[in-house]
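J.: Starting off with a structure, shown below.
The values are calculated or read from the model by the stated rules, or taken from the named source; none is laboratory data. Just so it is clear, the model here is predicted, and its values are computed rather than measured. Positions of Cβ are generated from backbone atoms using ideal geometry, with glycine treated the same way; all protein chains shown enter the neighbour counts. What goes into the accessible areas is simple: the full protein's heavy atoms, side chains included, and nothing from ligands, DNA or RNA. Shrake-Rupley method; radii C 1.70, N 1.55, O 1.52, S 1.80 Å.
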Amino acid sequence: MDLSSDFRQKFLEACQSSQIGKKLPGSLYVHISSLHELPELLQISLEENRPKLKSFYFNVIKFNYTKESISYLHYRDFKSCPHPILETSISVKFFSQEQKLIDYKNSKNPPILHRKETLLSPQHPLYKKFSNLSWQEEQEGLLEKAHTIGTRQRWIQRLAARRIEIHDHVLACSLKLSPTDSRANIISEPKIERHKAAIVRQDLSKPVRIALEAQLFQANTTFFDYGCGHGRDVQLIAKQGYPSSGWDPHYQPQAPKTAADIVNLGYILNVIEDTAERRRTLLQAWDLTQQVLIVAAQVMIPDTNQDWVAYGDGIVTSRKTFQKYYEQDELKHYIDQVLGVDAIPVAPGIFFVFRDAVQAQAFRASRFRSRATAPRIRLSVRRFEDYQAQLQPLMAFFTQRGRLPTPLELEADSLEPLLKTFGSIKRAFRLVLQATDPQEWEAIADKRRNDLLVFIALSHFHRRPKLSQLPAEVQQDIRSLFGSYQQACTAADLMLMALGRLETIQQCCAQSPIGHSHHQALWVHHSALDQLDPLLRLYEGCASRTLGRPSEATVIQLSTRTPRITYLHYPNFDRDPHPPLKMAMQIDLQNLQVRYQDYDLDPRPPLLHAKDRLVAPDYPQFQKFARLTRQEEQWGLLDDPTEIRDRRQWEQCLADHCATFRGHRLVRRPDADPIKLKFLKAQVRWRQTGSPNHSPPHHSQ
């Protein structure tokens, strides 16, 4: 690199003029997420020095224009720790290319970082959270004489002297503060009224409803609700025939704590302000669990305009209840760490924890099982008709698993007649193939191969199990459909590698026969996810494996521009011809940042059009949706998508076309102007004929 005085001056000017980064005397600090916003000279300098480094992880760059060097810094837990510790540093000299490594891993007093937001772009999703902490610290005078708080011990001493703790980037009164301390007048310790957090409900709670839909409840399954509140879940589960009981420290303190197959710990951890008690509660609920523990906690970020007080590692609401708002991965890590398990996310803030690891893998695999129906009988084969009742269990098994069963996998009352009549399972299935299309059976086998590939590929992210740790039927599926577990894992890993190329995703979305390409994304109804190309199923699975797919999600957007999945909630999708968007949850797959947008009170929410394009042809309402879309196209309602995005625009479009709805059918408004109506009908006729030699009719005022 040319280190002439001209370059030195330009490098200095680039550092000082940078609109991004934390500027200190003689240096500029920038987080790696913001490097693309630096002046070009700094980006070039960085790239020219990067190859000199050996394998080394860093997340902050320091441009030192007085020492003419670049330092690559690794601050541990940059995102989650309010003041992360500097773990390692490598400095590279411009002139000599000399490298200097400093390791602080074993240091008793390592450097720490303040004002993290200054290293980020203002558009970064964590910028506001970090800047709010710095503002609080400034108000409390914690950042005065910054040169004296640059190390961990000095910072801890200052916090202790001010009787302040930091929990999830919020200042709080130290829990060790005595009631007589003068500091208590500034940050007072509120009274927590825990019982007010219990909600009176008419229906099942969301966690229990999801468990019921996931078929965790089998014959004679017992249920216990730990912290049952008013006991509605216990009542409703008991009505469905499952032995149920519950305990609550306020509403049912005398009830016994009973072991059960399924134990529900629903929205309890987030209302316990004492961290030690919170841990004990989780362990006690786990001790009562014989099969599955349901853990649910709040993960939504609270409205910062609400009246709440920072307390412990959460907040105290205006109702005097405590709330700990978890990040999804934070909650999973907490459950895993306390219980020594691998909790399965099934929805935002909701996890299933299985006692039996094999049962857990069976549940994971079942979540990626696509729908299939047995092929129709195409030919009249007398012998098949004679023995169709005996062959039905065999056909049902193949439809479910994509392979023939072993003798041990069929019930004795189904196996014995088959063997007696045909001699073997394979011979029996040959008769089935004579009466049906063999290619349809092979298509079912392909479906099951793809299901397994998605399951195995996603298991890469959470300690892929050994073959022996999988359920026996899944082991047999793999041997039959892939030959060996190694071959299945190799094929799954190749899928993961393909997923890393965005152009491959773009191509798959463009060629997908299911869903609608719109706004640089593939839009698909949740019911059609399992019919997508396996690579696109894996793409969506990378989001749902961490957060769990929201149960309210109606439509899923698979972005083709950036690695991003968005879950959209359209209430009344089937009944409303053009349902309004209620909620959107966007997941950035690069950093797993989650963004929520609520349209519930928006007077102009976005509307959904052409619903038939999002569902598969076998969707029960498909024909009705498709007829409406064709009618709207003929009436000219869908000509300009930019003019019908929200409710107000759509209502105006309907008024302009003298149109209204009767169910999923367009009709003319009874108050329509006769002359305008005549013109509109003429336009429809022109569209239906589609004559290229005639121009469309024009309406003269």
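Rundown of residues vs (1) surrounded by fewer than 15 Cβ atoms within 10 Å (Cβ to Cβ); (2) closer than 25 Å to ALA492 by Cβ, yes/no style:
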residue	(1), (2)
GLN390	no, no
LEU418	no, no
GLN434	yes, no
PRO438	yes, no
HIS462	no, yes
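J.: Here's a follow-up. Looking at segment 141-164, can you tell me whether even one residue there is closer than 19 Å to SER27 by Cβ, open to solvent by 50 Å² or more (accessible area, probe 1.4 Å) and without any contact (Cβ under 8 Å) to a residue 12 or more places away in the chain?
T.: Checking segment 141-164: at least one residue is closer than 19 Å to SER27 by Cβ, open to solvent by 50 Å² or more (accessible area, probe 1.4 Å) and without any contact (Cβ under 8 Å) to a residue 12 or more places away in the chain.
J.: Restricting to segment 24-47, give me the number of residues that are among the polar types (S, T, N, Q) and touching a Cys at 6+ places or on another chain (Cβ under 9 Å).
T.: Qualifying residue count for the region: 1.
J.: Continuing with this model, one more query. List the number of the failed condition for ARG479; all other conditions in (1) assigned to a helix (DSSP H, G or I); (2) in contact (Cβ under 8 Å) with a residue 24 or more places away in the chain hold.
T.: The number of the failed condition is (2).
J.: Consider segment 468-481. How many of its residues are of a type in the set (A, V, I, L, M, F, W, C) and under 17 Å from THR399 (Cα atoms)?
T.: 3
J.: Take the residues in segment 617-640 that are in contact (Cβ under 8 Å) with a residue 40 or more places away in the chain and part of a helix (DSSP H, G or I); name whichever of them is least open to solvent (accessible area, probe 1.4 Å).
T.: LEU628
J.: In segment 522-581, what count of residues is obtained for those that are open to solvent by 10 Å² or more (accessible area, probe 1.4 Å), touching a residue at least 12 places away in the same chain (Cβ under 8 Å) and among the acidic types (Asp, Glu)?
T.: 4
J.: Which one is modelled with the highest pLDDT among residues in segment 584-598 that are of a type in the set (A, V, I, L, M, F, W, C) and within 11 Å of HIS569 (Cα to Cα)?
T.: ALA584
J.: All but one of (1) at pLDDT 75 or above; (2) polar (S, T, N, Q); (3) surrounded by fewer than 19 Cβ atoms within 10 Å (Cβ to Cβ) hold for THR289, so report the exception by its number.
T.: For THR289, the exception is condition (3).
J.: Now for a different question. Which number in (1) within 34 Å of the chain's Cα centre (by Cα); (2) surrounded by 15 or more Cβ atoms within 10 Å (Cβ to Cβ); (3) modelled with pLDDT under 85 marks the one condition that GLN43 misses?
T.: Every condition holds for GLN43 apart from (2).
J.: Examine segment 124-138 for a residue that is surrounded by fewer than 18 Cβ atoms within 10 Å (Cβ to Cβ), assigned to a loop (DSSP other than H, G, I, E, B) and either without any contact (Cβ under 8 Å) to a residue 24 or more places away in the chain or over 26 Å from the mean Cα position of the chain (by Cα) (or both), and state whether such a residue exists.
T.: no
J.: Moving on to the next point. Among what's in segment 349-406 and is assigned to a helix (DSSP H, G or I) and acidic (Asp, Glu), pick the residue that is farthest from LEU433 (Cα to Cα).
T.: Going through the qualifying residues, I end up with ASP386.
J.: Mind listing whichever residues of segment 407-444 are more than 22 Å from ARG376 (Cβ to Cβ) and not in a helix (DSSP H, G or I)?
T.: Answer for segment 407-444, where residues must be more than 22 Å from ARG376 (Cβ to Cβ) and not in a helix (DSSP H, G or I): LEU410, GLU411, GLY423, SER424.
J.: Counting only residues that are in a strand (DSSP E or B) and among the basic types (Lys, Arg), how many does segment 64-123 have?
T.: 2
A quick yes/no check of all residues on (1) among the hydrophobic types (A, V, I, L, M, F, W, C); (2) open to solvent by less than 20 Å² (accessible area, probe 1.4 Å); (3) in contact (Cβ under 8 Å) with a residue 60 or more places away in the chain:
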position	(1), (2), (3)
THR66	no, no, no
TYR72	no, yes, no
PHE78	yes, yes, no
GLU87	no, no, no
ASN109	no, no, no
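J.: Right, another one. Suppose we filter segment 392-416 for residues that are surrounded by 17 or more Cβ atoms within 10 Å (Cβ to Cβ) and over 44 Å from the mean Cα position of the chain (by Cα); how many remain?
T.: Here the count works out to 0.
J.: Within segment 217-242, count every residue that is touching a helix residue (DSSP H, G or I) at 6+ places or on another chain (Cβ under 6 Å) and either open to solvent by 60 Å² or more (accessible area, probe 1.4 Å) or acidic (Asp, Glu) (or both).
T.: Number satisfying all stated conditions: 2.
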